[in-house]
Amino acid sequence: MWCACALPDAEHAPAAGAAQRLLRDDPAVARVGAVMLALSPFFIGLAGAYMNHVSAAAATAIAVYCALRSEDDERIRWPVAMGAALGLAFSVRPLGAIVAGMTVLAIWIVVRGPRRTEATGWVRLSIGALVGALPFLIAVGLYNNHFFGSPFQFGYVAAQGPLVGLGFHPDPFGVYYGPAEAVAFTSSDLVTLSLYLLETPFPAVIVVGLFLVLRRKFSRGEQLVALWALLPVVANAFYWHHGVFMGPRMLNESAPAWALATAVAAGLAA
């Protein structure tokens, strides 16, 4: 799965194809970002450990690629494929799929340009996405209903109660998770991501952070790459569980975006 997501052949690797479409004016940087992802110890390690974060990352990359393809190809197959990818991601990691959906929505708003005010276009995209996602949503609902008594009841909640959910409150073990804890754990996640993403002497997150702070004007593609990388960080700040197995695994779904953002930042610095 990680190979299919990362190898730099746009026809067979959605992450590479998305990179090339996001950075149309700098294809060399797009290819470097794809290669960095393919060689990322963080990504390879979790793939080898059979963690479902990598499957969610691959599905998210497919959704991003399909959303970008809708910019210059009006065929219905792209929103349908995008919806199916998000549905697959939801069946694996629901929160990650919701965040990916926000990224896709931002891409659609940006790439549609003047067409963003055309209601018929949005209806077509929404219906296509729903058609693609619906089989996965139905399957998840049937699974939840069979094992946990309701289509909307997930296993974590059934096993540990409502305190397993998002927000600032005591976690299932009785330890309070509030804004201060969110900042502390999120900072730790970013430091660890910087260490594990590429395992290079140059901390990737600091390189990207300096780029975001010092860059005066962002291109459309740079904005979308930054959004793809940062939305999962923000979302995970509202979740009490910050896994540290083989790195900040809750951020693994955004590894393609972080690899691409590192390539962009390093390329401009050079």
Check segment 62-72 and report whether any residue there is at pLDDT below 85, open to solvent by 50 Å² or more (accessible area, probe 1.4 Å) and at negative phi.
-> yes
What is the number of the single condition among (1) closer than 21 Å to residue 154 by Cβ; (2) hydroxyl-bearing (Ser, Thr, Tyr); (3) at pLDDT below 90 that residue 91 does not meet?
-> (3)
Those residues of segment 95-117 which are open to solvent by 40 Å² or more (accessible area, probe 1.4 Å) and either within 24 Å of residue 139 (Cα to Cα) or under 17 Å from the mean Cα position of the chain (by Cα) (or both) amount to 95, 98, 102, 105
Taking segment 1-41 on its own, how many of its residues are at pLDDT below 75 and open to solvent by 20 Å² or more (accessible area, probe 1.4 Å)?
-> 10
Which residue out of 260, 227, 210 is closer than 20 Å to residue 18 by Cβ, open to solvent by 40 Å² or more (accessible area, probe 1.4 Å) and touching a residue at least 12 places away in the same chain (Cβ under 8 Å)?
-> 227
In segment 240-270, which residue that is farther than 18 Å from residue 46 by Cβ and assigned to a loop (DSSP other than H, G, I, E, B) is farthest from the chain's Cα centre (by Cα)?
-> 270
What is the number of the single condition among (1) more than 20 Å from residue 166 (Cα to Cα); (2) assigned to a helix (DSSP H, G or I); (3) open to solvent by 30 Å² or more (accessible area, probe 1.4 Å) that residue 205 does not meet?
-> (3)
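For (1) in contact with a Pro (Cβ under 7 Å, 6 or more places away or on another chain); (2) of a type outside the set (Lys, Arg); (3) at pLDDT below 95, each residue gets a yes or a no:
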residue	(1), (2), (3)
216	no, no, yes
219	no, yes, yes
223	no, yes, yes
233	no, yes, no
250	no, yes, yes
255	no, yes, yes
266	no, yes, yes
269	no, yes, yes
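The values are calculated or read from the model by the stated rules, or taken from the named source; none is laboratory data. Worth saying up front: this structure is predicted, and the values here are computed from it rather than measured. We place every Cβ from the backbone using ideal geometry, glycine too, and count neighbours over all the protein chains shown. Heads up: the accessible areas ignore ligands, DNA and RNA and are worked out on the full protein's heavy atoms, side chains in. Shrake-Rupley method; radii C 1.70, N 1.55, O 1.52, S 1.80 Å.
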